[in-house]
Amino acid sequence: MENNISIEKSKTTKIQDVDFNNLSFGSVYTDHMLVCDYKNGAWETPKIIPYGNLSLDPASKIFHYGQSIFEGMKAYKDEAGKIFLFRPTDNHARLNKSAERLAMPSIPESHFMEGLETLLKLEKDWIPTTAGSSLYIRPFMFATGVGFHASPADAYKLIIACAPSGAYFSGKVKVLIEQTYSRAANGGVGYAKAGGNYAGQFYPTKLAAEKGYQQIIWTDDNTHEYIEEAGAMNVFVRINDTLMTAPTNDRILDGITRKSILKIAEDEGIQTEVRKIKVSELVDAANNGSLKEIFGAGTAAVISPLAGFGFDGKDYDLPELEAPFSARLKKRITDIQYNRAEDKFGWRHEVK
Ligand SMILES: *Cc1c(COP(=O)(O)O)cnc(C)c1O
């Protein structure tokens with residue numbers, strides 16, 4: 001498949017209605033979207049059409065059995081107007097990993113990358129340039145095949161939609177270390193970006209919000225003794241000068257930000273450890289003053305530092321540091337993403 005993606009241009013544009021200086025996150029969408037259908041055992045040629053509503057049969061299996069997966073990535077514009085993606089083939093590979101777990105078809109890298117790049121070139125004026133902003137890209141795939149029978153669908157749709165987004169800043173958040181609910185279980189789908197994983201988080205997160213916490217730190221489903229993720233982000237902990245994160249497993253999403261932070265930290269000469277982290281270690285470290293930072297890591301917020309955490313009915317504050325690892329690492333990674341620094345790991349992908 002070489003450049004035979006059809007483009008149906010939108011007759012109107014919404015771009016003049018968008019205040020690029022006051023963008024929220026993921027709530028306005030560009031004029032076009034990429035759509036690719038899977039039918040009769042094969043992917044059709046992707047097409048770009050005006051962004052708009054879908055028409056689906058009520059018996060589509062997405063509505064009944066939740067075959068739905070997604071990715072989250074960003075396009076960045078540098079000062080010269082060049083467009084970059086960050087490790088995009090890793091998103092493609094992870095989409096296929098999620099697809100496999102949900103018994104959905106894999107999508108060829110050429111379909112994904114050519115479709116994405118064609119869409120971005122068409123929507124290039126939508127990529128914001130104000131500090132910290134970017135074009136958030138949401139590729140997602142769901143079952144369009146019909147039937148009330150609980151079995152995988154025979155037809156699917158891949159869509160790539162884009163939303164110009166401002167810097168994702170929620171302020172420092174207070175989190176609750178979860179002792180009852182679980183995000184994911186052994187042998188389950190926690191490592192996949194499956195829509196249902198997030199639906200299952202909303203209720204416990206609402207309960208935590210009622211107690212004054214903005215997010216949850218998920219613990220292992222078996223014992224609730226080890227921390228695993230922070231909301232829909234991977235979680236890092238700094239005790240003294242060592243930066244730690246949990247090893248990925250079938251309950252933890254293999255984040256691209258997480259693995260990039262580990263590489264950059266090593267490059268910065270920061271001592272890193274990838275190992276299971278006990279909640280009791282955090283409590284002890286908070287009590288003896290060696291707990292310096294906890295932060296979430298993911299594409300949307302990049303790095304989101306925490307103000308403190310609650311556990312067993314008690315709150316623990318994190319110190320205000322002069323030069324936290326979180327700020328240093330965030331600068332390094334965003335400088336690479338926005339083409340402001342050397343790309344020594346080969347992570348940037350220019351869209352030309
Ligand atoms: C997407 C996601 C992450 C972060 O992954 P990135 O590739 O860094 O964006 C972490 N945890 C969960 C549960 C996620 O869905």
Helix 109-122 against the longest principal axis of the chain: what's the angle in degrees, Cα atoms only, rounded to the nearest 10? 80
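Kindly work out what percent of the DSSP beta bridges joining two residues of the stretch 173-337 are antiparallel, to the nearest 5. Write down the numbers at each step before the final one.
Working: 25 of 36 bridges.
Once the DSSP bridges in the stretch 173-337 are tallied, antiparallel ones form about 70 percent.
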With just the Cα atoms defining each centre, how far is the stretch 180-250 from the stretch 89-168? Give it in Å. 24
Could you work out the local net charge near ARG183, counting Lys and Arg as +1, Asp and Glu as -1, over the other residues with Cβ closer than 13 Å to its Cβ? -4
Treating the beta-carbon of each Lys and Arg as +1 and of each Asp and Glu as -1, no other charges, what is the dipole magnitude of the stretch 173-337 about its Cα centre, to the nearest 20 debye? 420
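If we count every other residue with Cβ under 10 angstrom of LEU318's Cβ, Lys/Arg +1 and Asp/Glu -1, where does the sum land? Please list the in-between numbers first.
On the way: positive: LYS172, LYS174, ARG238, LYS292; negative: GLU293, ASP317, GLU320.
Charge balance in the 10 Å sphere: +1.
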Bridge type composition, the chain - antiparallel percent by DSSP, nearest 5: 80
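Nothing charged except the Cβ atoms of Lys and Arg (+1) and of Asp and Glu (-1): what's the magnitude of the dipole of the chain about its Cα centre? Round to the nearest 20 debye.
Details: 41 positive and 45 negative charges, 78 e Å.
It comes to approximately 380 debye.
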Have a look at SER260, THR248, PRO324 and report the one farthest towards the positive end of the charge dipole of the stretch 173-337, computed about the Cα centre with Cβ charges (Lys/Arg +1, Asp/Glu -1). SER260
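Kindly state, to the nearest 0.05, the FRET efficiency for ASP267 paired with PHE169, given R0 = 25 Å and r defined as their beta-carbon distance. Working shown, then result.
Numbers: r = 26 Å, r/R0 = 1.03.
With a Förster radius of 25 Å, E is 0.45.
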Point-to-point label distance, ASP78-GLU322, nm (Cα→Cβ direction, 7 Å offset): 3.4
Explain nothing, just the number: relative contact order of the stretch 89-189, from Cα pairs under 8 Å at least 6 residues apart, as a whole percent. 22
Dipole size in debye (nearest 20) for the stretch 70-135 around its Cα centre, Lys and Arg Cβ +1, Asp and Glu Cβ -1? 160
Report the one residue of PRO108, ILE7, PHE63 whose Cα lies farthest in the direction of the positive end of the charge dipole of the stretch 1-135 (charges on C-beta: Lys and Arg +1, Asp and Glu -1; origin at the Cα centre). PHE63
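Ordering SER60, SER280 from largest to smallest accessible area (1.4 angstrom probe), what's the sequence? If you can, show how the numbers build up before the last one.
Values: SER60 0, SER280 60 Å².
Solvent-accessible surface, decreasing: SER280, SER60.
Multiply the residue separation of ILE7 and GLU210 by 0.36 nm, subtract the distance between their alpha-carbon atoms, and state the gained length in nm to one decimal. List each step's numbers first, then the result.
Numbers: separation 203, 0.36 × 203 = 73.08 nm, distance 4.72 nm.
Stretched out fully, the ILE7 to GLU210 stretch lengthens by 68.4 nm.
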Going by amide H atoms built from the backbone, whose H comes under 5 Å of the H on ILE216, apart from near neighbours? LEU176, GLY231
Specify the angular offset, from 0 to 90 degrees and rounded to the nearest 10, of the alpha carbon long axis of helix 279-288 from the longest principal axis of the alpha carbons in the chain. 50
Does anyone have the angle between helix 256-267 and the longest principal axis of the chain? Alpha-carbon axes, 0 to 90°, nearest 10? 50
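Could you do me a favour and compute the accessible area per residue for the chain, 1.4 Å probe, result in Å²?
Numbers: 16000 Å² over 352 residues.
With all protein chains present, the chain gives 45 Å² per residue.
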Please turn the phi angles of the stretch 189-202 into ³J(HN,Hα) values with the Karplus equation 6.51 cos²θ - 1.76 cosθ + 1.60 (θ = phi - 60°), one per residue in order, whole Hz, x for glycine and proline. 10, x, 7, 9, 8, 9, x, x, 4, 7, 4, x, 8, 5
Of the listed peptides 218-226, 318-326, what is their order by residue-averaged count of other C-beta atoms within 10 Å, with the highest listed first? 218-226, 318-326
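Arranged from highest to lowest average of other beta-carbon atoms within 10 Å per residue, in what order do the peptides 122-133, 93-104 appear? List each step's numbers first, then the result.
Working: 122-133: 17.1, 93-104: 18.9.
In decreasing order of mean packing, 122-133, 93-104 become 93-104, 122-133.
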Relative contact order for the stretch 33-144 using alpha-carbon pairs under 8 Å, separation at least 6, rounded to a whole percent? 36
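Relative contact order, percent, of the chain when contacts are C-alpha pairs under 8 Å separated by at least 6 residues?
18
Express the carbon and sulfur contribution to the solvent-accessible surface of the stretch 6-165 as a percent, rounded to the nearest whole number, probe 1.4 angstrom. Don't jump to the answer; show the numbers that get you there.
Values: 3660 of 7210 Å².
Ligands and nucleic acids excluded, carbon and sulfur reach 51 percent.
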Once every DSSP H run of n ≥ 4 in the chain is given -39500 (n - 2.57) and the sum is divided by its residues, what mean residue ellipticity at 222 nm do you get, rounded to the nearest 500 deg cm²/dmol? -7500 deg cm²/dmol
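The values are calculated or read from the model by the stated rules, or taken from the named source; none is laboratory data. Since this is a predicted model, take the numbers as computed values, not measurements. As a convention, Cβ positions derive from the backbone with ideal geometry for all residues, glycine included, and neighbour counts pool all protein chains shown. Surface accessibility is based on the protein's heavy atoms, side chains included, excluding ligands, DNA and RNA. Shrake-Rupley method; radii C 1.70, N 1.55, O 1.52, S 1.80 Å.
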